[in-house]
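The values are calculated or read from the model by the stated rules, or taken from the named source; none is laboratory data. No experiment lies behind these values; they were computed from the predicted model shown. As a convention, Cβ positions derive from the backbone with ideal geometry for all residues, glycine included, and neighbour counts pool all protein chains shown. Remember, those area values only see protein heavy atoms, side chains included, never the ligands or the DNA or RNA. Shrake-Rupley method; radii C 1.70, N 1.55, O 1.52, S 1.80 Å.
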Amino acid sequence: MDLLFKYSQISEDVSLQDDKVVLRRFKELEPIEDAWNKWLSTRKELDDAIPMLADPDPSMASLADEEVSALTETLSTFLQSTFPSLLLPPSPTAHLSALMELKSGVGGSEASLFLGDLLRMYQRLVNNNTMGMNWTASVVAQNDAEGGGVKDATVEFRGEGAYDALRWESGVHRVQRVPATETAGRTHTSTVAVVVLPLVEESSPHDGEEELFTMDEIKLEVMRSRGAGGQHVNKTESAVRLTHIPTGITVSMQDQRSQHQNRRLAFQVLRSRLLDIKLQREMEARRDTRRSLVKGADRSEKIRTYNYAQGRVTDHRIGLTLKNLHSVLEGDGLHAFIEAVGRSYKEGLLADMLEEKEK
Amino acid sequence: MFSRLLATLSSALGTPQALRELRWMQAAIDSRASQLSLADMVARRLQHEPLQYILGTQPFGPLNLLVRPPVLIPRPETEHWATVLAESLSPTAQKPISLLDLGTGSGCIPLLLCHLWPPGSVKAHAVDISPHALTLAQDNAALCGIPSQLDGSKKPQNTFTVFNSDFLAEDFPSPALRANSPFDVITSNPPYIPWKEYIELPPSVLDYEDRRALLAGSSGLDFYHAIARLVSHKNLLAPSAIVALEVGHNQACAVETIMRDTGCFRCTEIWTDPWGKQRTIIARK
């Protein structure tokens, strides 16, 4: 595979738009080429070192012995982990940003308070740049609860890889603690449901992908009556509701003073939900990935428990418990969970692929 | 502190609206768009002052316009029909058009059109009886980057010019304005509230917004009759001109008839607003 030759052809052969696709493909293949080149050079070093084992000088022979075992070690690492992980197809969603929807579940006002805590946790994860990804986070919609906390919220995470990393946060998050409002000191259990959707830009060309909807399929409504309306009324009423008729998906947006902005945001959420459906469908169609997805696919499933009394966090999908509750809520400890779940997903994919091969 | 403000504002607006307005107030403070404290804002809101005057701005399509009492606050109904009008015409820099807006207030209608149409495609002229409104409209034009006249550079630009006059007066239009006629588009959101409805208006409108932007005699139709006289006698309309007039909640048929009776128009239509009210009369020459 002569990537350099292919690369030199890019600018001559194709238009700028096609360049992007080819360049992305090139970038995806780069790790494979790197690994293969390193494998070849290590093999060469080993071939050169083996004759030295027979050196009449015992100190030289012992040096050669050390080198041979080190190189053998490196080569087996390549065989056991580097190459297998490269077998995984590159993620088709690697470039996508993410849209996260949080809804308070059981537990009443305590669930709303916990939702506020989770919201801060995710904002800190991004602001501290713990993942080293330079994402940005912004809250696009937020419905505050009367008794403090947040009833529901929608957050945008912009940046490459945001969707692939954060999609493992989808599911039910459970908190066990004594609420600030509880006088008798009893521990309560409350939940927040999180859904992470892929975020697509309105303006970005979809690399030849088809549009997710047409305007004929959309019903756009304003909400609430304005009585006589016009000059008679100056109350701010900027809420809008979109309905995607074929799927019945509705999106309401009322957080901005500008109806124009609410409409733009509602379309953005709709686009994310439709792309999410499309991706789920594609995943299900790929039979070989089905088994490993069972763990993450059901969004009504309890995925994680935050236990305040014991200062621990448990991820139920991978059975990982860490005594780092404080660090997780500050955003820094969270990446350990995100990475562990992502790793487990990759291992599952690989196991499926190997199983498929054996059949 | 916050919960006390929320409780008082909720009693006036209901909790969902109070929560939203508090967040918008806080956002204006956080972005340093306002020097007021949250408590001051809430106190003024409890006196029925419109949120828009407290915050000093009102979104209008993609624009964020300045508002100042007592100049009429741009309404979402107006935003809607002005946007539809912008989409239904397509002037170009090669074939620019001349526009007249009667009773411009904040300047919202012509400024939105200047913003949405391509550079160099429209010369907008805005009339108002209130010098205060015209100052605001000019400030908004500056905010939107629309100059009052071409600056001599080759770059195509839309322009926005204001004229302080009373379009009900006998001597309207002034020679300076007439020099820019004929007009391809005339727009207006004239006062249309009859006095019986005027005295029933909510205090946020009645006590804060300019009576001269709202009140229109006993029928609410005075200004439409004046506009009909203007278009039939004063040769203001270009050959295929279009007139777009906002009307009150039950005036569409009456105003459509007034415009038809001028005999100046080939056809008329009524546009409905997003809340289901017949809101705009479109008359085409």
Legend entry - Residues of region B:136-156 satisfying the condition of being open to solvent by 40 Å² or more (accessible area, probe 1.4 Å) and either more than 24 Å from residue B:74 (Cα to Cα) or in contact with a Pro (Cβ under 9 Å, 6 or more places away or on another chain) (or both): B:149, B:150, B:151, B:152, B:153, B:154, B:155, B:156
Inset, instruction - Filter region A:178-203 for residues that are of a type in the set (Gly, Ala, Ser) and either in a strand (DSSP E or B) or in contact with a Cys (Cβ under 6 Å, 6 or more places away or on another chain) (or both) and give the result. - result: A:190, A:193
Legend entry - Complete set of residues in region A:315-350 that are free of Cβ contacts under 8 Å to residues at least 12 places away in the same chain and more than 29 Å from residue A:84 (Cα to Cα): A:327
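Somewhere in region A:279-294, is a residue open to solvent by less than 20 Å² (accessible area, probe 1.4 Å), modelled with pLDDT under 90 and not in a strand (DSSP E or B)? Let's see the steps before the verdict.
Filtering region A:279-294 down to residues open to solvent by less than 20 Å² (accessible area, probe 1.4 Å) leaves A:289, A:292.
Applying the additional criterion that residues be modelled with pLDDT under 90 yields A:289, A:292.
So of that shortlist, the ones also not in a strand (DSSP E or B) come out as A:289, A:292.
Checked against the condition, which is being open to solvent by less than 20 Å² (accessible area, probe 1.4 Å), modelled with pLDDT under 90 and not in a strand (DSSP E or B), region A:279-294 yields at least one hit.
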Inset, instruction - Consider residue B:131 carefully, then state whether it is open to solvent by 10 Å² or more (accessible area, probe 1.4 Å) and modelled with pLDDT of 95 or more. - result: yes
Legend entry - Members of region B:250-278 that are out of contact with any Leu (no Cβ under 9 Å at 6 or more places or on another chain), within 13 Å of another protein chain (Cβ to nearest Cβ) and touching a residue at least 24 places away in the same chain (Cβ under 8 Å): B:252, B:273, B:275, B:277, B:278
Inset, instruction - Could you grab the pairs with beta carbons closer than 7 Å, sequence gap of 6+ or different chains, first residue in region A:259-277 and in contact (Cβ under 8 Å) with a residue 60 or more places away in the chain, second one of a type in the set (Ser, Thr, Tyr) and open to solvent by 10 Å² or more (accessible area, probe 1.4 Å)? - result: A:269/A:154
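Checking the conditions here, which among B:87, B:77 is within 14 Å of another protein chain (Cβ to nearest Cβ), surrounded by fewer than 16 Cβ atoms within 10 Å (Cβ to Cβ) and charged (D, E, K, R)? Before you say what the answer is, go through the steps one by one.
Numbers: B:77 fails: surrounded by fewer than 16 Cβ atoms within 10 Å (Cβ to Cβ).
Exactly one of B:87, B:77 is within 14 Å of another protein chain (Cβ to nearest Cβ), surrounded by fewer than 16 Cβ atoms within 10 Å (Cβ to Cβ) and charged (D, E, K, R), namely B:87.
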Legend entry - Output for region B:92-105, where each listed residue is free of Cβ contacts under 8 Å to residues at least 60 places away in the same chain and surrounded by 24 or more Cβ atoms within 10 Å (Cβ to Cβ): B:104
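Residues are listed down the side, and each one gets a yes or a no for (1) buried (at least 17 other Cβ atoms within 10 Å of the Cβ); (2) modelled with pLDDT under 90:
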site: A:189; (1), (2): no, no
site: A:192; (1), (2): yes, no
site: A:202; (1), (2): no, yes
site: A:206; (1), (2): no, yes
site: A:217; (1), (2): no, no
site: A:223; (1), (2): no, yes
site: A:230; (1), (2): yes, no
site: A:233; (1), (2): yes, no
Legend entry - Selected residue [touching a Ser or Thr at 6+ places or on another chain (Cβ under 8 Å), in a strand (DSSP E or B) and surrounded by fewer than 18 Cβ atoms within 10 Å (Cβ to Cβ)] from B:281, B:270: B:270
Inset, instruction - For residues that are under 24 Å from the mean Cα position of the chain (by Cα) and open to solvent by less than 20 Å² (accessible area, probe 1.4 Å), scanning just region A:254-266, find the one that is farthest from residue B:65 (Cα to Cα). - result: A:266
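May I ask you to list the residues in region B:23-65 that are among the basic types (Lys, Arg) and closer than 28 Å to residue B:115 by Cα?
Residues of region B:23-65 that are among the basic types (Lys, Arg), as a first pass: B:23, B:32, B:44-45.
Listed by number, the list holds a single entry, B:32.
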Inset, instruction - Give just the number: which of (1) within 14 Å of chain A (Cβ to nearest Cβ); (2) under 20 Å from residue B:85 (Cα atoms); (3) of a type outside the set (A, V, I, L, M); (4) open to solvent by 10 Å² or more (accessible area, probe 1.4 Å) does residue B:223 not satisfy? - result: (2)
Inset, instruction - Could you list all residues from region B:196-226 that are farther than 21 Å from residue B:74 by Cα and not in a loop (DSSP other than H, G, I, E, B)? - result: B:196, B:222, B:225, B:226
Legend entry - residue B:84 vs. criteria farther than 26 Å from residue B:41 by Cα and either of a type outside the set (A, V, I, L, M) or in contact (Cβ under 8 Å) with a residue 24 or more places away in the chain (or both): yes
Legend entry - Hits in region B:1-38 - residues which are assigned to a helix (DSSP H, G or I), open to solvent by 40 Å² or more (accessible area, probe 1.4 Å) and of a type in the set (A, V, I, L, M, F, W, C): B:2, B:7, B:12, B:13, B:27, B:29
Legend entry - Within region B:227-249, considering residues that are surrounded by 15 or more Cβ atoms within 10 Å (Cβ to Cβ) and in a loop (DSSP other than H, G, I, E, B), the one farthest from the other protein chains (Cβ to nearest Cβ): B:236
Legend entry - Where a residue in region A:223-243 is at the interface with chain B (Cβ under 9 Å from one of its Cβ atoms) and assigned to a loop (DSSP other than H, G, I, E, B) and its partner, wherever it lies, is aromatic (Phe, Trp, Tyr) and open to solvent by 20 Å² or more (accessible area, probe 1.4 Å), with Cβ under 6 Å and at least six apart: A:226/B:275; A:229/B:275
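One line per residue, one yes/no per condition, for (1) among the hydrophobic types (A, V, I, L, M, F, W, C); (2) more than 10 Å from chain A (Cβ to nearest Cβ):
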| site | (1), (2) |
| --- | --- |
| B:34 | no, yes |
| B:39 | yes, yes |
| B:43 | yes, yes |
| B:47 | no, yes |
| B:54 | yes, yes |
| B:60 | yes, no |
| B:63 | yes, no |
| B:66 | yes, yes |
| B:70 | no, yes |
